[in-house]
Every structure is written in C-alpha cells, then in structure tokens.
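**Q** Quick one: the structure is below, and I'll ask about it shortly.
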Amino acid sequence: MATPKAFQLDTALPLGIRTEEAASIWQDAVQAAGTIVERSYRIGDIVICLQFAGETLVPQLTRALDHLPKASGEAAAFTLKIWDATTTGTAFPAFTMPEIQPLGNPRYLLRKADRLAMFQPVDGTLSILDHAHDQGYFWVTDKSRLSYGEEAAPFRFLLGTWLASRGLYLVHAAAVGTVSGGVLLVGKSGSGKSTAALSCLGSTLGYASDDNVLVSPGPQPMVYSLFNAGKLRPDNIDRFAHLVSRIPAEDISLEDKTLMFVDEHDPRQILLQCPLRAILVARYVGRRESALRPASPVEAMIALAPSTIFQLPGSGQSILDVTKHLVEQVPTYHFEGGSDLATIPASLLTLLRQLEKPSA
Amino acid sequence: MRLVVNRSNILHQMIGGETVIVNLTTGTYYSLRYSCADIWSLIEQGVQRNLIVQTLGERYEASAESLDQDVTRILEELEKEGLLVASAEDSPSTPHEPLQTSSDSAKLQYTPPQIEKFEDMQDLILLDPIHEVDEDEGWPHLKPSN
C-alpha cells in the first residue's frame, strides 16, 4: 500500500475551497481503506449517495439516516465522500488558533460563490461543499471525536446547505402527523418539542423528527424527514421508559441527553413525508391537559426562524423568507403540552382532523 | 451622517406589519411592531430622521414632539443594539414607499414604539460561535467583522 500524501496546509490559499485537493486526499483515503462503502437514500424525489472510505464511520453516521428509503443503483443528485484521518492515514490540516481565543465549540465558515467549508476544530471535522459539482467531503480526525450531535444529525451542515439549493430547507422543528398531514412543533430548547414528538410514538401519529426536519415551501408546503434520531433528557428517562428499554445501559445518560433511533425502536412509526397543515409554538406550562390556542404568524416565525438560522451557518435570509412563507400558508397555534403525555397525541390528532375537513 | 441598517451582521423580514430582525453576531433577535416597525421600514428605505417623524405624524394621532422624542429614542436603541450603523452616504433620491394606511385614511391610534428583544439564543452563539473566514486571505484569517 502506497504511503498517502499528507495534506499540506497552504495558508496563502483559502482552505476549504481547494476541492481538487480534497478529491486527491479522498483518493488516498480510499486507497488506504481498500474499499468504498456506499449508502444511497431517497428524500422526496432526491437521491443522495454517501461514500465511506472503509467501514469505520458507517455505523455511527448512518443510523440516523437508515429510515430513509434506500436508493442503491439510482443516479444520485448529490454525493458525499466521508473518511477519517486515523484509519486512512491521511493527515489532517494543522489548525492555527487565531488571535481571538474561541469559546465552546467554534465553527469556522469560509464561503465562496459556489463552494463553502466549515471547520470545527473541537470536533475535529472539516466539511466541504462543492456546489458546482453537487458533491461534498466530510473529514474527521478519528471516529472517537464524532460528537453526539453528529451522530444524531450526521452531515447536517452539508446536507442542510445542499438540500436548500434544491428547495428543501432544514429547520429547527419537531414534526409529527400522518400521510394526510402533519404539524411542525417549534420553539426554543426546553419548550417541549422533543417531548411532544416522542410522546406520539405508539399513537396513530407518525414521527418525522424531534429536532431537525426538512420543509419545502409552495402552495402546499411539505414536510420531509431527514434524521430519525430522538433525544431524551435525563428527567424524561422515566416517562419514556418504554423507549429506553431497548437502549443499551451504557448508552443511557443521566447527565446529558440519551440518543435513540426511532427507526430501530419501531420503523412503523416513521413518517417520511406529509403535507404541512399547521405550525405549533410549543411550550410547557405545567398543566395536566394539553391545550391549543391561536398564535400569530409572527409569533410562529420568531419561534422557528432564529434558532434555525443559528443552527445552520450560512442559511441566512433564505430561512427568513421560507419561514415567512410557511407561517402565512398554514394556521399557527400555541401548543401547551400537558404533563399527561397521552393528551399530546390526542390533541394533535384532533387538530389535524379539523384541519383536514373541507371548509363549508 | 445618517443611520442605516447594518447589513453586514443582520437579517430582517417584515411579516403582517411587524418586523423580525436577527443579529447574527450576538445571537439576539427582535420583534418590532406598529410604529416601531414603521420606523424600521423607513430607515431601511434610507429615509432621513426628520422625514421619519413627519411620516409618522401623517399616520398616527400623536404630537410632533412625542414622535420626535420617540424616533430619537428608537434610533439610539437600534444603534446601540448594532442594528443600525452611521453612514456618510446620501439618502436615496427616490421617494420612499408610503406606509400602509387604513381604508378610511383616518389616523391610527399611537402606541409609543418598543423594541422586543430576545436573548435566549445568546448562549448557543457563545458556546458554538460561528466565525467567518476571510475569503481572500483564507484560513486562519477571520473577516474583520469577527
């Protein structure tokens, strides 16, 4: 096996837009791994293809996507090449800290007209999107560096950015419903979106997301599932014991959220897509029963747009435009999820039935 | 010098007569309603301060003095929040779009403008900040706005 070339960081040229170099490193990674493992998925009418250099990253980065219809052998509209530095022996670019000392988990975003890149030094990941060729690259130093967030929403930045160019916008929302229609649950962290979505498991409502879902605007806005992960807060472990029972004990956290995959729990509960019927601004007020009351479109937009924008760097004005369209196209409500979780799917089902009735 | 929208750091969208503004740098977002949304709309069109006061006076039942004080206050607050910046550019020569009026053209009841501010996303920006890399200089050089 030939020794792979090390990636030479040349700061005279912008990092991340040198897609030719990324392609070359990818070839080295494939050569080192000895094989390409492919996973192709269909999202609505779009086929995306994930190509992994070897098996190393496949288990962690496909569980959240495995509920999507498989599209093996179909021509892909977007191809994403994925590898890790450790397994393939490819060197990761040296990271020089800028003069300002970043806090937390900084994301460094470099944008050009037809390509962009995001570097997350704490996670050890580099994502490159080549719009011109409808392909992307995802590079991580080592599989042990993959964050909880990356496993729950793999390649969120790359997929979210590219899919937006095809009219599918990734928003910060939970989504449940039936094939006849569904709702978005929006609101800041802790508002009860995830709890509401997970409480619908076991009901006649399907689950599209508890945190990130795709929407397409239009005369009839549509919702599309992208990730089937669900996240359980420590204080919800007991309430959702039936969901936790299949999770290995070592994966259950009492300090942070526990990750579960709805497709592994019960694939029949997955809702792949549905027409959007309403947007609900979620909040928990401590009452036993769930309740709905009208919300203004601007209230729904405030609950949806800012968090979406901040979670997906570069999404910007398009998200404001899309969310404005959505809140003007469908009714908007405040949703107060009850402490009696059974009342949540019941109230959402009642709402959907009312909205699906033809007007008199 | 006049105050203009700080387009390098913010996004905004008008919906139903209200304006939602997102400050990408600080993680703060805002809702402007009624007269406050009108002030923003006029600023966004490059209208000078005195004409903003005059235009509001044509729309709202309020004294010129109170409008003048409120416009001054709001402009100061918007600038303090980083949503407006000083500019040496001249105002646009084209007339601004008229504010929406009621069907019977009667003046509207006036409520002093208020900026509704939301800071719940600031922690996210602090913990997971986004730094834009200078596209000409490349890594690790950040854009000056960072």
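**Q** Which residues, counting only those in segment A:292-320, are open to solvent by 10 Å² or more (accessible area, probe 1.4 Å), more than 7 Å from chain B (Cβ to nearest Cβ), part of a helix (DSSP H, G or I) and modelled with pLDDT of 95 or more?
**A** A:GLU299, A:ALA303 - these are the residues of segment A:292-320 that are open to solvent by 10 Å² or more (accessible area, probe 1.4 Å), more than 7 Å from chain B (Cβ to nearest Cβ), part of a helix (DSSP H, G or I) and modelled with pLDDT of 95 or more.
**Q** Another one. Within segment B:106-125, can you find the residues that are away from chain A (no Cβ under 14 Å) and either buried (at least 17 other Cβ atoms within 10 Å of the Cβ) or part of a strand (DSSP E or B) (or both)?
**A** Taking segment B:106-125 first, the residues away from chain A (no Cβ under 14 Å) are B:106-114.
Across segment B:106-125, the qualifying residues are B:LEU108, B:GLN109, B:TYR110, B:PRO113.
**Q** I'm told A:LEU326 meets every condition in (1) within 14 Å of chain B (Cβ to nearest Cβ); (2) touching a strand residue (DSSP E or B) at 6+ places or on another chain (Cβ under 6 Å); (3) buried (at least 21 other Cβ atoms within 10 Å of the Cβ) except one. Can you identify the failing condition by its number?
**A** Here A:LEU326 meets the rest and fails (2).
**Q** For a quick check of your reading: which strands (runs of 3 or more DSSP E) sit entirely within segment A:211-266 and have at least 3 residues that are of a type in the set (A, V, I, L, M) and buried (at least 18 other Cβ atoms within 10 Å of the Cβ)? Even if it seems obvious, please write down each step before you answer.
**A** Details: elements: A:212-216, A:222-224, A:229-232, A:258-261.
Result: A:212-216.
**Q** So which strands (runs of 3 or more DSSP E) stay within segment B:1-79 end to end and still have 1 or more residues that are more than 14 Å from every other protein chain (Cβ to nearest Cβ)?
**A** Values: elements: B:2-5, B:10-15, B:18-23, B:28-32.
The qualifying strands (runs of 3 or more DSSP E) are B:2-5.
**Q** With the structure loaded, tell me whether B:GLN100 is away from every other protein chain (no Cβ under 14 Å) and at pLDDT below 95 or whether it fails that test.
**A** Numbers: away from every other protein chain (no Cβ under 14 Å): yes; at pLDDT below 95: yes.
Yes.
**Q** I would also like to ask the following. Please verify whether B:ARG2 is open to solvent by 10 Å² or more (accessible area, probe 1.4 Å), among the charged types (D, E, K, R) and touching a residue at least 24 places away in the same chain (Cβ under 8 Å), treating the condition exactly as stated. It would help to see each step written out before you state the result.
**A** Details: open to solvent by 10 Å² or more (accessible area, probe 1.4 Å): yes; among the charged types (D, E, K, R): yes; touching a residue at least 24 places away in the same chain (Cβ under 8 Å): yes.
Spelling it out, B:ARG2 is indeed open to solvent by 10 Å² or more (accessible area, probe 1.4 Å), among the charged types (D, E, K, R) and touching a residue at least 24 places away in the same chain (Cβ under 8 Å).
**Q** Right, something else. With respect to A:ILE319, is the statement that it is within 30 Å of B:LEU32 (Cα to Cα), of a type outside the set (Ser, Thr, Tyr) and in contact (Cβ under 8 Å) with a residue 60 or more places away in the chain true?
**A** Working: within 30 Å of B:LEU32 (Cα to Cα): yes; of a type outside the set (Ser, Thr, Tyr): yes; in contact (Cβ under 8 Å) with a residue 60 or more places away in the chain: yes.
Yes, satisfied.
**Q** A further question on this structure: List every residue pair whose Cβ atoms sit under 8 Å apart, with the two residues 6 or more apart in sequence or on different chains, where the first one lies in segment A:70-82 and is modelled with pLDDT of 95 or more and the second, anywhere, is assigned to a loop (DSSP other than H, G, I, E, B) and open to solvent by 90 Å² or more (accessible area, probe 1.4 Å).
**A** Sorted first by the residue in segment A:70-82, then by its partner, the pairs are A:ALA77/A:ARG166.
One line per residue, one yes/no per condition, for (1) part of a strand (DSSP E or B); (2) open to solvent by 10 Å² or more (accessible area, probe 1.4 Å); (3) among the hydrophobic types (A, V, I, L, M, F, W, C); (4) within 14 Å of chain B (Cβ to nearest Cβ):
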{"site": "A:ALA113", "(1), (2), (3), (4)": "no, yes, yes, yes"}
{"site": "A:LEU116", "(1), (2), (3), (4)": "yes, yes, yes, yes"}
{"site": "A:VAL122", "(1), (2), (3), (4)": "no, yes, yes, yes"}
{"site": "A:TYR137", "(1), (2), (3), (4)": "yes, no, no, no"}
{"site": "A:SER144", "(1), (2), (3), (4)": "no, yes, no, no"}
{"site": "A:GLU151", "(1), (2), (3), (4)": "no, yes, no, no"}
{"site": "A:PRO154", "(1), (2), (3), (4)": "no, no, no, no"}
{"site": "A:PHE157", "(1), (2), (3), (4)": "no, yes, yes, yes"}
{"site": "A:TRP162", "(1), (2), (3), (4)": "no, no, yes, no"}
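**Q** Looking at segment A:172-225, which of its residues are closer than 17 Å to A:ALA346 by Cα and among the aromatic types (Phe, Trp, Tyr)?
**A** A:TYR207
**Q** If you don't mind, there's one more thing I want to ask. How many of the residues making up segment A:160-189 are of a type outside the set (S, T, N, Q) and without any contact (Cβ under 8 Å) to a residue 60 or more places away in the chain? Step through it out loud before you land on a result.
**A** Narrowing segment A:160-189 to residues of a type outside the set (S, T, N, Q): A:160, A:162-164, A:166-177, A:179, A:181-188.
Remaining after also requiring without any contact (Cβ under 8 Å) to a residue 60 or more places away in the chain: A:167.
Of the residues in segment A:160-189, 1 are of a type outside the set (S, T, N, Q) and without any contact (Cβ under 8 Å) to a residue 60 or more places away in the chain.
**Q** Looking only at segment A:329-348, which residues are assigned to a helix (DSSP H, G or I) and either of a type outside the set (A, V, I, L, M, F, W, C) or within 14 Å of chain B (Cβ to nearest Cβ) (or both)?
**A** Residues of segment A:329-348 assigned to a helix (DSSP H, G or I): A:329, A:343-348.
Across segment A:329-348, the qualifying residues are A:GLN329, A:THR343, A:PRO345, A:SER347.
**Q** Return the residue satisfying two criteria in turn: it lies in segment A:172-190 and is assigned to a strand (DSSP E or B) and closer than 16 Å to B:TYR29 by Cβ, and of such residues it is nearest to the chain's Cα centre (by Cα).
**A** Checked segment A:172-190; the qualifying residue nearest to the chain's Cα centre (by Cα) is A:HIS172.
The values are calculated or read from the model by the stated rules, or taken from the named source; none is laboratory data. What you see is a predicted model, and the numbers here were worked out from it, not measured in a lab. Cβ: placed from backbone, ideal geometry, glycine included. Neighbour counts: every protein chain shown. All accessible areas refer to the heavy atoms of the entire protein, side chains included, with ligands and DNA or RNA removed. Shrake-Rupley method; radii C 1.70, N 1.55, O 1.52, S 1.80 Å.
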